[in-house]
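I have placed the structure first, in the form of structure tokens, so that the comments after it can refer back to it.
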Amino acid sequence: MIRREVDREDPDRLYTVTKGRADTSSIGLDVVTLVIAEREPARGMQSEHAEILRLAREPISVVELSAELHLPVSVIKILLGDLLDTGGVTVRRRTLPPLPDMEILKQVLIGLENL
């Protein structure tokens, strides 16, 4: 089995980067959410936050950030949550098309059954 770079990542480093946080459910980002930087990196900023701001000068997805920074998506989501809270980034979530009208679907089903 070939070990990927992420598999070799030091768990202590990931713990430090996220400050021990692991829950990403409240952030509400998926892998295709686009991230856009709203400011330049500041002095004294955590290096991963600064790198996200540099990479997100142009819209970039969560999964692309993960690949560029060689960090798991879950870690990127936590870091993005920090930047969202401080106004450092904005996100564009994908929009799903509206669900079809159930009455129309019923009529289509009836029409198909009558064939």
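Among the residues of the stretch 62-77, those that are crowded, with 19+ Cβ neighbours inside 10 Å and more than 9 Å from the chain's Cα centre (by Cα) comprise L71, V75. Going through (1) more than 17 Å from R94 (Cβ to Cβ); (2) of a type in the set (V, I, T); (3) modelled with pLDDT of 90 or more; (4) outside any helix (DSSP H, G or I) one by one, I52 falls short only on (4).
Does P59 satisfy being of a type outside the set (A, V, I, L, M), surrounded by fewer than 16 Cβ atoms within 10 Å (Cβ to Cβ), more than 10 Å from the chain's Cα centre (by Cα) and under 15 Å from D30 (Cα atoms)? The answer is yes for P59. Within the set of pairs 6+ apart or on separate chains, which have a first residue in the stretch 33-44 that is farther than 14 Å from T86 by Cβ, a second that is surrounded by fewer than 16 Cβ atoms within 10 Å (Cβ to Cβ) and β-branched (V, I, T), and C-beta atoms under 7 Å apart? As it stands, the answer is I36/T90, since those pairs meet every condition given. Contact map, the stretch 76-101: residues that are over 16 Å from E38 (Cβ atoms) paired with residues that are assigned to a helix (DSSP H, G or I) and hydroxyl-bearing (S, T, Y), Cβ distance under 6 Å, separation 6+ or inter-chain. Pairs shown: I76/S66; I78/T18.
Criterion first (hydrophobic (A, V, I, L, M, F, W, C), surrounded by 10 or more Cβ atoms within 10 Å (Cβ to Cβ), touching a residue at least 60 places away in the same chain (Cβ under 8 Å) and farther than 13 Å from L29 by Cα) does L109 satisfy it?
On the way: hydrophobic (A, V, I, L, M, F, W, C): yes; surrounded by 10 or more Cβ atoms within 10 Å (Cβ to Cβ): yes; touching a residue at least 60 places away in the same chain (Cβ under 8 Å): no; farther than 13 Å from L29 by Cα: yes.
Against the criterion (hydrophobic (A, V, I, L, M, F, W, C), surrounded by 10 or more Cβ atoms within 10 Å (Cβ to Cβ), touching a residue at least 60 places away in the same chain (Cβ under 8 Å) and farther than 13 Å from L29 by Cα), L109 does not qualify.
The values are calculated or read from the model by the stated rules, or taken from the named source; none is laboratory data. Given the structure is predicted, the values throughout are model-derived calculations rather than measurements. Using ideal geometry, Cβ is built from the backbone for each residue, glycine included, and neighbour counts are taken over all protein chains shown.
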